[in-house]
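Single-structure report; data block below.
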Amino acid sequence: MFQSRSEYDRGVNVFSPEGRIFQVEYAIEAIKLGSTAVGIQTKEGVCLAVERRITSPLMIPSSIEKIVEIDDHIGCAMSGLIADSRILIDHARVEAQSHWFTYNEKMTVEKCNSVSI
């Protein structure tokens with residue numbers, strides 16, 4: 001007899017009998033819950049814009065922060081699940097400060113992008 005769906009959604013490398021990977025489907029659904037974030041680079045600088053999606057009348061629109069500063073010269077626009085984004089932003093901030101203390105220079109944007117958890 002075939003196993004239930006919940007027995008196939010625990011690992012990223014486990015396929016269901018239909019050939020589906022449920023973790024991938026869960027990730028796609030999580031993306032659909034997120035909002036839009038756009039970044040435009042010009043010769044003078046960068047412009048970041050985000051969509052503030054109000055999902056409850058109890059939410060205060062000014063309390064939604066989706067554009068944050070990682071370092072004096074690096075910013076970030078969040079999209080998707082905010083809790084996941086905050087973890088990545090905190091890690092990027094720690095890496096930027098560690099780079100400053102180690103090399104006495106600011107971390108480049110390219111280096112900040114390549115840092116992994």
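The values are calculated or read from the model by the stated rules, or taken from the named source; none is laboratory data. Keep in mind it's a predicted model, so treat the numbers as computed, not measured. Cβ sites come from the backbone with ideal geometry, for glycine too, and all protein chains shown count toward neighbours. Remember, those area values only see protein heavy atoms, side chains included, never the ligands or the DNA or RNA. Shrake-Rupley method; radii C 1.70, N 1.55, O 1.52, S 1.80 Å.
Descriptive notes on the structure:
- Enclosed volume per residue, in Å³, of the convex hull spanned by Cα atoms of the stretch 2-117: 164 Å³
- Stokes-Einstein D in µm²/s, Kirkwood radius over Cα pairs - the stretch 71-117 at 10 °C with 1.306 mPa s viscosity: 142 µm²/s
- Accessible surface ranking that places the most exposed of Arg20, Arg52 first, with a 1.4 angstrom probe: Arg52, Arg20
- Expected 222 nm ellipticity per residue - DSSP helices of 4 or more, -39500 (n - 2.57), all of the chain, to 500: -11000 deg cm²/dmol
- Lysines with Cα under 28 Å of Lys43, excluding same-chain neighbours fewer than 8 positions away: Lys66, Lys106, Lys111
- Solvent-accessible area of Cys76 with every protein chain in place, 1.4 Å probe, in Å² to the nearest 10: 40 Å²
- Accessible surface, per residue, of the chain when the full set of protein chains is kept, probe 1.4 Å, Å²: 77 Å²
- In order through the stretch 37-48: 3J(HN,Hα) via Karplus (6.51 cos²θ - 1.76 cosθ + 1.60), integer Hz, x for Gly, Pro: 9, 10, x, 10, 9, 10, 5, 8, x, 10, 10, 10
- Built amide H within the under 5 Å cut-off of Gly75, gap 5+: Ile70
- Cβ-derived FRET efficiency at R0 22 Å, Arg52 paired with Leu88, nearest 0.05: 0.65
- Inter-site label distance for Ile21 and Ile117 at 7 Å from Cα along Cβ, in nm: 1.8 nm
- Taking every alpha-carbon pair under 8 Å whose residues sit at least 6 apart, the chain reaches a relative contact order of 16 percent.
- Accessible surface of Asp84 - all protein chains present, 1.4 Å probe, nearest 10 Å²: 90 Å²
- Listed by chain and number, the aspartates and glutamates whose C-alpha is less than 20 Å from the C-alpha of Lys32, apart from same-chain residues fewer than 8 away, are Asp9, Glu51, Glu65, Asp84.
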